[in-house]
Amino acid sequence: MMTDGLRQGVRHGAAGAAPAILCAALLGPLASAQQPLVVGSKTFAESYVLAEIMAQLLEAEGYEVDRRFGFGGTLVTFEALQAGAIDVYPEYSGTMQHTILTSGAEFGTEAFAAEVESLGLETLETLGFNNSYALAVTGETAERLGLATISDLVDHPQLRFGVSHEFHERSDGWPGVSEVYGLPQSSFGIEHGLAYRAMLEMELDVTDAYSTDGDLIRYDFVILEDDLSFFPTYFALPLVRQTMEPAVKEILNRLGGTLSDARMRELNAEVSIERRSFADVAAEYLHEQGLVSDADRQEPTDSLIADLIANTIVHLKLTGIAVAAACVLGVGLALAVHRSRPLSRGVLYVTGLLQTIPSIALLALMIPLFGIGQLPAIIALFLYSLLPIVRNTVTALLTVDPLLKRVAAGMGLSQSEQLRHVHLPLALPHLLAGLRIAAVISIGTATLAAFIGAGGLGEPIVTGLALNDTTLILQGAIPAAGLALAAELGFELVERRLVPAHMMTSRLPS
Amino acid sequence: MHEIIEFLGVSKRFGDTSVFERLDLAISTGRVTALVGASGSGKSTLLQLINGVLVPDDGSVEVFGGPVPTASLSAFRRRIGYAVQGTGLFPHLRTDANIGLLGKLEGWSDAELADRIVELMVLMGLEPDLGRRYPHELSGGQQQRVGICRAMLLHPEILLLDEPFSGVDPLTRDEIHERFGELMLAEPVTVVLVTHDLQEAIRLASELVVLDAGRVLQADAVREVVERPANEAVARLFERLQ
């Protein structure tokens, strides 16, 4: 699974796309019999539930399934599907119309079908429900202000709007709804899971919601009626590539029309309120629909420790490879340029620039180049690790006492001997400090790698955010913090071994 | 070879500032020659021209009967010991490793190296136990002696000393001078000593080169210079330094 991630990253790189297609054409039936079907999802509970339902159905039919849940946003997930990194994920007709298709053609029209086909994709049968966008307020707010429809919001300019980042930008989201209804308020972007919290804390009055959201039941939120019928329909459906084996399509099509709005809201509530696992809820649903027989039903394995260990190992692998590579290249780069001030400045400038790219943006930029999974995550972490290592090493080498440099040269040490016996040992404390910063930053940033399917300790965090489940978030956050601490202590031990006590930088002044 | 170091019409400039113009100077084999003069007279620059740390703009510096090489300088420099003001000991190496670094690079055996280190430390009046200490754990005087030991490790033919005994109290300095004298008796070597301390020069050197603003005012045996200053300037300098 781990090497899988790397391989997939490489296999689905942009440069390798043509050979990959060729291989797929030649080996199609053969390869699909051996390779697991990869099911993806986005980062909200419903997407997890639907993906899990598809995964279990396919497993019940004898397919091996690789679950890659929690991709960060529509474009990332769509990109992953198109690149062949995943085989299917649950998408919504409205999202396709407004976010994916450039024509903006409505679902069900010829134009819609044509553009989907031109992308090499295919929509399978809709699952039944319509999970439209909606605006929600707390029951208390609705009662106090007498709010029932979106139009009612116009009279209350003091209301504070906080909406999910995607909704904030989408044409069928905030820009459209505020224009059509002539809403006087402005809004800001906030992570969806956090928005509900803010609503409960009365820090926020209005947010966007999905009409099938189970949390609406739990928090007693009221959906405001879309009285001008602004929001488009959002029918859920499995989105696949055309090349998918017909037999697999047929299996997924069995889910068509089986889920009503109310049933979906219940399933969502099962996971987000009753705290049942996705696997459990999905299994129950499939059984109830008669899509999976008792014999096929898999006992959900509750293995907190095993998950924790697996996630930690992946996390260590991501950061370990990235930091080790950054160390080799960073120190090498520093050694190569430190004799020239202009070159040193140039290298520091470029590595500094890399650092200013927001991590989630850098991860997203990696997808077209390296696909999804661990490879792009490692490359992104590697780029982030370069700055502290290069900067500290160059600075340390540049600031070696000039008298000691003169003595080392004057007493007859060759260039490489000067470097090995004088310059590097004197620079070592700062070099190690840079390495330590890189490792700690990397361990923190690697939690975001879950957004591009790299796994690691970010996975429970992302899922926890989707479920608004603090326990799950902590299952990722606490080990990540522990790893950072362990890295900090580990490097201190290394420093103690390699650096004489009087030259250690980690020593705080007493 | 009578003159182990020769400056032939050497000019050296740093940017627009000229340190030497067509300087001629010869330093005799086997003697201790002191370069004296006020700060800024070019003493230190002269020393660094001998081991090729600095390169003349004009003229040539000849050492061991030929010009200072421009390539494979490290082999050339290992025939020349070098100790500087402030000692220049490497803070990350213990005393014995500081003294023994070049021997290690030359591939000496551990035993050979240890023997030589102890030999030099004893000659300079250092307890061999101090070998385990880091430079910052030594007194200023001890550090200066370690600097001399390090410069003498490979039995160099020339020893360049750039104000190596400055900045310690007079008693300590006297003792170091004595030890250095003994070392020179035990292992005679051509010494070029840069100092602004005339007493030190008279005490340690047999030859004196008096420099002022990049010019050689007088170069002769110590006795000659003291008794018969070549000109007013030398006499004045002596008065001032004494």
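The values are calculated or read from the model by the stated rules, or taken from the named source; none is laboratory data. Computed from a prediction, not measured in an experiment: that's the story for all the values here. With ideal geometry, Cβ positions are generated from the backbone for all residues, glycine too; neighbour counts draw on all protein chains shown. SASA here: full protein model, heavy atoms, side chains in, ligands and nucleic acids out. Shrake-Rupley method; radii C 1.70, N 1.55, O 1.52, S 1.80 Å.
Details
- Rounded if a/c under 1.5, otherwise prolate or oblate - the range B:42-180, Cα gyration tensor axes: oblate
- Residues in the range A:386-402 carry Karplus couplings, in order, of 4, 4, x, 6, 4, 4, 5, 5, 4, 4, 4, 5, 5, 9, 4, 2, x Hz; the curve used is 6.51 cos²θ - 1.76 cosθ + 1.60 with θ = phi - 60°, and Gly or Pro positions show x.
- Residue among A:T463, A:A396, A:F451 farthest towards the positive dipole end of the range A:395-510, charges placed on Cβ: A:A396
- With the helix formula -39500 (n - 2.57) applied to DSSP H stretches of n ≥ 4, chain B reaches a computed 222 nm mean residue ellipticity of -11000 deg cm²/dmol.
- Over the residues of chain A, the helix contribution to mean residue ellipticity at 222 nm works out to -18000 deg cm²/dmol, using -39500 (n - 2.57) for each DSSP H run of at least 4.
- In the A-B interface, the accessible area buried, summed over both sides, Å² (probe 1.4 Å): 1900 Å²
- Whether the range B:89-242 is rounded, prolate or oblate, judged on the alpha carbon gyration tensor where a/c under 1.5 counts as rounded: prolate
- In the context of the full set of protein chains, residues of chain A present 43 Å² of accessible surface per residue (probe radius 1.4 Å, heavy atoms only).
- Taking Lys and Arg as +1 and Asp and Glu as -1, the other residues whose beta-carbon sits under 15 Å from that of B:K104 total -1.
- Taking 0.692 mPa s as the viscosity and 37 °C as the temperature, the Stokes-Einstein diffusion coefficient of the range B:3-113 based on its alpha-carbon Kirkwood radius rounds to 206 µm²/s.
- Computed accessible area, A:F221, all protein chains, 1.4 angstrom probe, square angstrom: 20 Å²
- Atom-type composition of the exposed protein surface of the protein assembly as shown places 57 percent of the accessible area on carbon and sulfur (1.4 angstrom probe).
- Residues in the range A:431-448 carry Karplus couplings, in order, of 4, 5, 4, x, 4, 5, 4, 4, 5, 5, 4, 4, 4, x, 5, 4, 5, 6 Hz; the curve used is 6.51 cos²θ - 1.76 cosθ + 1.60 with θ = phi - 60°, and Gly or Pro positions show x.
- Delta accessible area of at least 10 Å² on complex formation, residues of the range B:130-152, 1.4 Å probe, chain isolated as reference: B:Y134, B:H136, B:R150
- Cα-based convex hull volume of the range B:154-218 per residue, rounded to whole Å³: 104 Å³
- The range A:75-132 has equivalent-ellipsoid semi-axes of 17, 14, 11 Å, by the square roots of 5 times the alpha carbon gyration tensor eigenvalues, sorted largest first.
- For A:K249, the lysines whose Cα falls under 27 Å of its own Cα, not counting residues fewer than eight places away in the same chain, are A:K42.
- Helix A:458-467 axis, angle to chain A major axis (alpha carbon atoms, nearest 10°): 30 degrees
- Chain B: most fluctuating residue of B:A75, B:A114, B:A151 per GNM, C-alpha cutoff 10 Å: B:A75
- Dipole size of the range A:280-409 about its Cα centre, with +1 on Lys/Arg Cβ and -1 on Asp/Glu Cβ: approximately 1800 debye, rounded to the nearest 20.
- The distance linking the range B:182-242 with the range A:253-276 is 99 Å (Cα centroid to Cα centroid, whole angstrom).
- Neighbouring partner chain Cβ atoms per residue of A:395-407, average, 10 Å criterion: 3
- Burial of 50 Å² or greater, the range A:409-425 residues [accessible area, probe 1.4 Å, versus chain by itself]: A:G410, A:M411, A:G412, A:H421
- With protein chains left intact and a 1.4 Å probe, residues in the range B:27-164 average 37 Å² of accessible area per residue.
- Measuring heavy-atom accessible area with a 1.4 angstrom probe and counting protein chains only, the residues of the range B:68-98 that give up at least 50 Å² relative to the chain alone are B:R77, B:Y82, B:F90, B:P91, B:H92.
- Listed residue (A:V331, A:Q158, A:S416) projecting farthest to the positive dipole end of chain A, Cβ model: A:S416
- Antiparallel %, DSSP beta bridges [both residues in the protein assembly as shown], to 5: 55 percent
- Cut-off 12 Å between beta-carbons: net charge of the residues surrounding A:E417, Lys and Arg +1, Asp and Glu -1: +3
- Reducing the range A:213-245 and the range A:352-388 to their Cα centroids gives an inter-centroid distance of 32 Å.
- When nucleic acids and ligands are ignored and a 1.4 Å probe is applied, A:C327 ends up with an accessible area of around 40 Å².
- Relative frequency of Cα-Cα separations exceeding 44 Å in chain A, percent: 25 percent
- What you get for the protein assembly as shown, charging only the Cβ of Lys and Arg (+1) and of Asp and Glu (-1), is a dipole of about 3660 debye around the Cα centre.
- P(r) of the range A:270-428 over all Cα-Cα pairs, binned every 10 Å from zero, in whole percent: 9, 23, 20, 18, 12, 8, 6, 3, 1
- Relative frequency of Cα-Cα separations exceeding 19 Å in the range A:88-213, percent: 54 percent
- Each Lys and Arg Cβ is given +1 and each Asp and Glu Cβ -1; about its Cα centre, the range B:83-127 then shows a dipole of about 200 debye.
- When chain B is treated as a GNM with alpha-carbon contacts under 10 Å, the residue of B:D212, B:D220, B:D115 showing the greatest mean-square fluctuation is B:D115.
- Peptide A:467-474 has a mean shielding of 0, counted as Cβ atoms of other protein chains within 10 Å of each residue's Cβ.
- Table column - 3J(HN,Hα) (Hz), the range A:122-137, Karplus curve with 6.51, -1.76, 1.60, x for Gly and Pro: 8, 8, 8, 4, 5, 6, x, 7, 10, 9, 7, 5, 8, 9, 10, 10
- Considering only A:I86, A:P232, A:L365, the residue lying farthest towards the positive end of the dipole of chain A is A:L365, judged by Cα position with unit charges set on Cβ.
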